[in-house]
């Protein structure tokens with residue numbers, strides 16, 4: 001499947017999630033690849049299509065060379081606190097426990 005086709009198959013909710021994950025400092029591109037099957041170049045293309053030009057340039061400047069956006073550049077594994085009251089998250093999609 002071509003990269004443009006991968007982007008086109010995403011619905012609005014998934015596109016919003018990819019954009020928010022791309023903006024997050026501690027979310028590596030590998031996590032986006034695992035969840036949405038979009039590599040770094042596809043994420044860049046998606047961001048270019050969906051963001052205003054000035055926002056895209058700001059994002060690229062921010063992300064370019066950032067160690068936390070690439071797992072291979074991280075020296076240690078990131079350990080995060082998870083509250084017991086936080087809802088269970090399965091494959092980054094919130095599961096409703098009602």
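The numbers here are math on the coordinates, done by the rules we state, and not lab data. Because the structure is a prediction, the values reported are computed rather than measured. Note that each Cβ is placed from the backbone with ideal geometry, even for glycine, and that neighbours are counted across all protein chains shown.
For the peptides 9-21, 36-48, residues were scored by their other Cβ atoms within 10 Å and the scores averaged per peptide; the highest-first order is 36-48, 9-21. What shape does region 3-69 have by the C-alpha gyration tensor, where a ≥ b ≥ c are the square roots of the eigenvalues, rounded means a/c under 1.5, and otherwise prolate means a/b greater than b/c and oblate the rest? It comes out oblate by the Cα gyration axes.
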